[in-house]
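Notes follow once the structure below has been shown.
The values are calculated or read from the model by the stated rules, or taken from the named source; none is laboratory data. These figures come from a predicted structure and were not determined experimentally. Here the Cβ positions follow ideal geometry from the backbone for every residue, glycine too, while neighbour counts run over all protein chains shown.
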Amino acid sequence: MYTSHEDIGYDFEDDPKDKKTLKPHPNIDGGWAWMMVLSSFFVHILIMGSQMALGVLNVEWLEEFHQSRGLTAWVSSLSMGITLIVGPFIGLFINTCGCRQTAIIGGLVNSLGWVLSAYAANVHYLFITFGVAAGLGSGMAYLPAVVMVGRYFQKRRALAQGLSTTGTGFGTFLMTVLLKYLCAEYGWRNAMLIQGAVSLNLCVCGALMRPLSPGRNPNDPGEKDLRVLPAHSTESVKSAGQQGRTEEKDGGPGNEETLGDLQAQECPDRAGHRKNMWALRILKTVSWLTMRVRKGFEDWYSGYFGTASLFTNRMFVAFIFWALFAYSSFVIPFIHLPEIVNLYNLSEQNDIFPLTSIIAIVHIFGKVILGVIADLPCISVWNVFLLANFTLVLSIFILPLMHTYAGLAVICALIGFSSGYFSLMPVVTEDLVGIEHLANAYGIIICANGISALLGPPFAGWIYDITQKYDFSFYICGLLYMIGILFLLIQPCIRIIEQSRRKYMDGAHV
């Protein structure tokens, strides 16, 4: 599961003035809003589920291209990392084109990446077609799914985001089984062609993302749409007025020939006027698009690059440092566990019930249970968050010591459950920066997660190429992860020391 946007709705298209008009809308927290949850649920299945099942294809690529594990792992990590890293930049497309168009284009690009990857002649070809193209398409389709859920829900936003993001766990389980079956029956190339066709369903999910128009009062004459009038209505009114005045002045029926001559003279004028009207419409359309692109770029730029004040918060900087190492510890097992199972000669047992599926299924329950525990009034969210992190680190350290399927299954279950802390990340981020900076701060956090997902699997493969073991890669990643957690713990202590020192200095001056 990607932590990038799973439990928070970004309001890239929202304006403070627009939020007031969205509240009375009948689809808020009901109606079509639940179709947004369904659409987002399937997006999580198709994107996050398939990415977490890439370990199956990683084994096939190793056998096909005979490249090092570090180099081959770059294919999967590029796809995962780019999906997260481009998240803030996809906001520019959302501000300009809207969520529906962005998601549909993303579905097409993602499907194209899968199909082109089926014709790969080497690993470097996969870097472009699958890592970059499919990853970019995934980011374009994934972010609008989270945005739309956030826009359609206010009171039940946490529930809606929680339900939609469970698609990650279900998708990991389903896509792992599907890719293993397709690779066994048709080969990995045909499996990618079929998966590319399946990914076209992202366009269907995007089509369901109906824009949420603000509610209007039909009885208010100030809100009526004047565009219902025909384009030539002004000319018709003028012509009717001229004819009416002519009839009144000349006495009516005796001047039919004069009226006919006037209408014949006006025909060329009307044709020229219509051409001018079409040209005016084109100019208005171009002007509107220019203004929309400019406004979208300004909102995007101010939202992500105008947040320098966030970096003055040392606790938030420590949180970014933690995010740089935390996510790789979750991604590495998904990519390298299928090969680890082969090295331990546990393929038959893993085929019956894959270890990655155990992580995915338990991960669903972990998100729900940890979220419920954190909501209890007598329990601190930070305590739950840190305890889950310590459990995940401990699991990463123990994983290399297990060489039986039962032992690996237990550790994978612990990894899946403890990684449920991802559902608490928006709450923790809000505690650090406040609600007004939550979206911008979370965008920075997901970029750090993307870098972690991008570098973690290749690093583990590189360590294996040197030592011929995956043990050291887990130990090193776990150690870096532990340093990130300790860095989080040290910051409150430093803050307390500084506050005490400041109070002492103020007392000394008095």
Study note, to complete from the structure: Note on region 107-117: residues farther than 14 Å from residue 198 by Cα and in contact with a Leu (Cβ under 6 Å, 6 or more places away or on another chain) are 117
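In this structure, does residue 420 turn out to be more than 30 Å from residue 66 (Cβ to Cβ) and under 29 Å from the mean Cα position of the chain (by Cα)? Steps first, please.
Working: more than 30 Å from residue 66 (Cβ to Cβ): yes; under 29 Å from the mean Cα position of the chain (by Cα): yes.
When the stated conditions are applied, residue 420 passes them.
Filter region 67-91 for residues that are in a helix (DSSP H, G or I) and surrounded by fewer than 20 Cβ atoms within 10 Å (Cβ to Cβ) and give the result. Steps first, answer last, please.
Taking region 67-91 and keeping what is in a helix (DSSP H, G or I), we get 69-85, 87-91.
Those that are in a helix (DSSP H, G or I) and surrounded by fewer than 20 Cβ atoms within 10 Å (Cβ to Cβ): 70, 71, 89.
Here's the yes/no breakdown for (1) among the hydrophobic types (A, V, I, L, M, F, W, C); (2) surrounded by 12 or more Cβ atoms within 10 Å (Cβ to Cβ):
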residue: 458; (1), (2): no, yes
residue: 461; (1), (2): no, yes
residue: 475; (1), (2): no, yes
residue: 482; (1), (2): yes, yes
residue: 501; (1), (2): no, no
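Taking the options 383, 345, name whichever one is at pLDDT 85 or above, assigned by the TED database to the domain that holds residue 474 and not in a helix (DSSP H, G or I). So that I can check it myself, show each step before the final result.
On the way: 383 fails: not in a helix (DSSP H, G or I).
Answer to the check: 345.
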Point to revise | When residues of region 109-157 are limited to those that are of a type in the set (Lys, Arg) and assigned to a helix (DSSP H, G or I), the one surrounded by the fewest Cβ atoms within 10 Å (Cβ to Cβ) | key: 157
Review point. Here are some residues: 396, 466, 415. Which one is surrounded by fewer than 23 Cβ atoms within 10 Å (Cβ to Cβ), assigned to a helix (DSSP H, G or I) and at pLDDT 80 or above?
Key: 466
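Does residue 239 satisfy the criteria of being surrounded by 11 or more Cβ atoms within 10 Å (Cβ to Cβ) and either outside any helix (DSSP H, G or I) or at pLDDT below 50 (or both)? I'd like the intermediate steps shown before the answer.
On the way: surrounded by 11 or more Cβ atoms within 10 Å (Cβ to Cβ): yes; either outside any helix (DSSP H, G or I) or at pLDDT below 50 (or both): yes.
Judged against the criteria, residue 239 is a match.
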